[in-house]
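The values are calculated or read from the model by the stated rules, or taken from the named source; none is laboratory data. The structure displayed is predicted, hence computed values, not measured ones. Here the Cβ is made from the backbone with ideal geometry for all residues, glycine too, and neighbour counts use every protein chain on show.
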Amino acid sequence: MNGAQSQRQRRGYVVLNLACLIILELIYHWGVAGGVHNPVAVGLIVVCLTGLVLSFLQVIWRTGLWGLTHAKVENLDERQVMVTHEALRYSYVIFVPCSLLLMFAAVVATDFGWRFFDVVLPAGLLYLSHILPAIILAWREKVV
């Protein structure tokens, strides 16, 4: 597999992973938390969870990006430190405004009587905060 195909496949898995995460959150908040328990919602949740796990294993775990982004600085060489530092910098620039906007939306939704902020949203944000540096590396680097 050459570098271009590898990067294209990684980008596809990144899109699948983020799409599954967003769809899971939306299905839960508009379907399950709203009291609608139909087989279609449950089926979509199962499909999205499967896609989330499989894409995580393909793009983050098997490539070693999880270990790279969670390694101690002492265990990395100079290039790895620079690459992970840049990925962390970009991920925090993305993560902080998104999480603040979601919290603001949760407060506004509460004023209208909607239950928006429960255990699923913080769990999704926690997952996103851990995978975002690896996703940025998977998206930007030619060879992983």
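Within the stretch 127-144, track down each residue that is of a type in the set (Lys, Arg) and either surrounded by 16 or more Cβ atoms within 10 Å (Cβ to Cβ) or free of Cβ contacts under 8 Å to residues at least 60 places away in the same chain (or both). If you could, list the steps in order and put the result at the bottom.
Residues of the stretch 127-144 that are of a type in the set (Lys, Arg), as a first pass: 140, 142.
Matches in the stretch 127-144: ARG140 only.
If you go through the stretch 81-113 one residue at a time, how many are under 13 Å from LEU125 (Cα atoms), among the small types (Gly, Ala, Ser) and at pLDDT below 95?
From the stretch 81-113, those under 13 Å from LEU125 (Cα atoms) are 91-92, 94-103; that's our starting set.
Remaining after also requiring among the small types (Gly, Ala, Ser): 91, 99.
Applying the additional criterion that residues be at pLDDT below 95 yields 99.
Residues meeting the conditions: 1.
In the stretch 51-90, how many residues are within 14 Å of VAL14 (Cα to Cα) and assigned to a helix (DSSP H, G or I)? Final tally of qualifying residues: 13.
Taking the criterion of being surrounded by 15 or more Cβ atoms within 10 Å (Cβ to Cβ) and either modelled with pLDDT of 90 or more or under 29 Å from ARG62 (Cα atoms) (or both), the residues of the stretch 29-47 that qualify are LEU44, ILE45. Contact map, the stretch 47-60: first residue over 20 Å from VAL143 (Cβ atoms), second residue of a type in the set (Val, Ile, Thr), Cβ cut-off under 6 Å, separation 6 or more or different chains; pairs are CYS48/ILE23. Across the stretch 103-126, the number of residues qualifying as surrounded by 15 or more Cβ atoms within 10 Å (Cβ to Cβ) and in contact (Cβ under 8 Å) with a residue 60 or more places away in the chain comes to 4.
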